[in-house]
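Structure first, then comments.
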Amino acid sequence: MHLLDKNLLKTNIGKAADYDFSNNKVFGSAYLVIQDNEVVYENCFGVTSIDKKEPVTKDTLFRLAS
């Protein structure tokens, strides 16, 4: 099995988050990558709302729609 490169994940997810913030696509996001029951990457970016300016944490709840 191919193991994920933790440094590459950090770089690529950071770039994706920066792009989304720069282009006003989101104001907060959280990422969790697990492989073989091991956390390979976990990080939060931005704020929970434009008004409150509270930082996104691993406990932040997000509304999702399709």
Loop trypsin sites (Lys or Arg not before Pro), the chain (other Cβ atoms within 10 Å of the site Cβ: 14 or fewer; DSSP): LYS25, LYS52, LYS53, LYS58, ARG63
Of all chymotrypsin sites (Phe, Trp or Tyr not before Pro) in the chain, which ones are in loop regions per DSSP and have a Cβ with at most 13 other Cβ atoms within 10 Å? PHE62
Given a 1.4 angstrom probe, what's the average accessible area per residue across the chain, in square angstrom? 85 Å²
At a threshold of 8 angstrom on Cα-Cα distance, excluding pairs fewer than six apart, so keeping six or more, what relative contact order does the chain reach in percent? 24 percent
Using a Gaussian network model on the chain with a 10 Å cutoff between Cα atoms, which of VAL47, VAL56, VAL33 fluctuates the most? VAL33
Nearest 10, in degrees from 0 to 90: the angle of helix 6-22 to the longest Cα principal axis of the chain is 20 degrees
Identify which of ASN12, ASN24, ASN37 has the largest mean-square fluctuation in a Gaussian network model of the chain, with springs joining Cα atoms closer than 10 Å. ASN37
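The values are calculated or read from the model by the stated rules, or taken from the named source; none is laboratory data. These numbers were taken from a predicted model, which means no experiment stands behind them. Quick reminder, even Gly has a Cβ in these numbers, built from the backbone with ideal geometry, and neighbours come from all protein chains shown. When the accessible area is computed, the model is the full protein with side chains, heavy atoms only, and any ligands, DNA or RNA have been set aside. Shrake-Rupley method; radii C 1.70, N 1.55, O 1.52, S 1.80 Å.
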